Amino acid sequence: EDQVTQSPEALRLQEGESSSLNCSYTVSGLRGLFWYRQDPGKGPEFLFTLYSAGEEKEKERLKATLTKKESFLHITAPKPEDSATYLCAVQAGGANNLFFGTGTRLTVIP
Amino acid sequence: EPEVTQTPSHQVTQMGQEVILRCVPISNHLYFYWYRQILGQKVEFLVSFYNNEISEKSEIFDDQFSVERPDGSNFTLKIRSTKLEDSAMYFCASLQDYGYTFGSGTRLTVV
């Protein structure tokens, strides 16, 4: 059975304190790994898609990496506006739908 | 940037009533999806729709649920007889070449 596990469940950082969020996955035939940001009461907002081990993508203070077992979302010098829940999702096998993890709730304190 | 639009943003309904949630996906996209998120839980796949028919559905998507594309722009999710456990955020999504774009959701509250 496909599994996506995100850790930690919650993370509090001081503004400027860099850290990483983890997404480990067990799926048959990974076709893509997706990172989303979700603000309270809103829909997931697309951040990155990674397709193969070794791939990296960057956007502003965020950098996503992928290995054969896990993905990391690195946040460099975060700001309070980076506070949100970060979701990891996989697309695997012959399916076109996404299988989500439970998310990491990030709080950045000024 | 193109958006997926969902209406209403919040709907309150009595148990046993029918509800229709509406979505306008991004034009020119071919795959459309419904997901739901019960409060405090993860986002769960319900159904995907391609070429005017269901292409995949999850175990959650039972006979109480149906989807339609009544015209060229709208995509609807109908719940025939709502239950308390149907209370959740419902998200519509459409597939672009780089990933999935989600709408802002409809919060369904069944009382």
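Taken together, the values in this text are just the output of simple stated rules run on the coordinates, not laboratory data. These numbers were taken from a predicted model, which means no experiment stands behind them. Note: ideal-geometry Cβ built from the backbone for every residue, glycine included; neighbour counts use all protein chains shown.
Quick one: pull the percentage of alpha-carbon pairs in chain A with a separation above 17 Å. Counting every Cα pair in chain A, those more than 17 Å apart make up 49 percent.
Only one residue of A:74, B:19, A:54 has its Cα farthest out toward the positive end of the dipole of the protein assembly as shown, where Lys and Arg carry +1 and Asp and Glu -1 on Cβ, and that residue is A:74. Neighbours of residue B:22, meaning other residues whose beta-carbon lies under 13 angstrom from its beta-carbon, give a summed charge of 0 when Lys and Arg score +1 and Asp and Glu score -1.
For region B:45-106, the share of alpha carbon pairs falling in successive 10 Å distance bins from zero is 18, 55, 25, 2 percent.
Explain nothing, just the number: dipole magnitude of chain A about its Cα centre with +1 on each Lys and Arg Cβ and -1 on each Asp and Glu Cβ, in debye rounded to the nearest 20.
Numbers: 12 positive and 14 negative charges, 20 e Å.
Computed about the Cα centre, the dipole is about 100 debye.
Sparse packing (at most 11 other Cβ atoms within 10 Å of the Cβ) combined with a DSSP loop state is found for the following GluC sites (Glu not before Pro) in region A:43-110: A:60. Pairwise inverse Cα distances across region B:1-107, averaged and inverted, put the Kirkwood hydrodynamic radius at 13.9 Å.
Annotation for region A:40-110: chymotrypsin sites (Phe, Trp or Tyr not before Pro) lying in DSSP loop with at most 16 further Cβ atoms inside 10 Å of their Cβ are A:51. What does the charge count around residue B:44 come to, taking other residues whose C-beta lies under 15 Å from its C-beta (Lys +1, Arg +1, Asp -1, Glu -1)? Computed value for this residue: -4.
Using the C-alpha atoms of the protein assembly as shown, what convex hull volume per residue, in cubic angstrom, is computed? Mind showing how you got there, number by number?
Numbers: hull volume 27.0 nm³, N = 221.
So the per-residue Cα hull volume is 122 Å³.
Taking 22 Å as the limit for the C-alpha separation, the pairs A:68/B:57; A:59/B:57; A:42/A:79 exceed it in the case of A:68/B:57; A:59/B:57.
Rounded to the nearest whole Å³, what is the per residue volume of the convex hull around the Cα atoms of region A:55-110?
Details: hull volume 5.6 nm³, N = 56.
Measuring per residue, one finds 100 Å³ for the Cα hull of region A:55-110.
Largest GNM mean-square fluctuation among A:41, A:94, A:54, using chain A with Cα springs under 10 Å: A:41.
The lysines whose alpha-carbon is closer than 19 Å to the alpha-carbon of residue A:69, local same-chain residues fewer than 8 away aside, are A:57. For the protein assembly as shown, a crude dipole built from +1 on the beta carbon of Lys and Arg and -1 on the beta carbon of Asp and Glu, taken about the Cα centre, is about 200 debye to the nearest 20.
Summing charges over all other residues whose Cβ lies under 11 Å from the Cβ of residue A:85, with Lys and Arg as +1 and Asp and Glu as -1, gives +1.
Taking trypsin sites (Lys or Arg not before Pro) as exposed when DSSP calls them loop (any state but H, G, I, E, B) and at most 15 other Cβ atoms lie within 10 Å, what is the longest stretch of chain A free of them, the sites themselves excluded? Mind dumping the intermediate values first?
Values: sites that count: A:61, A:68, A:69.
In short, A:1-60.
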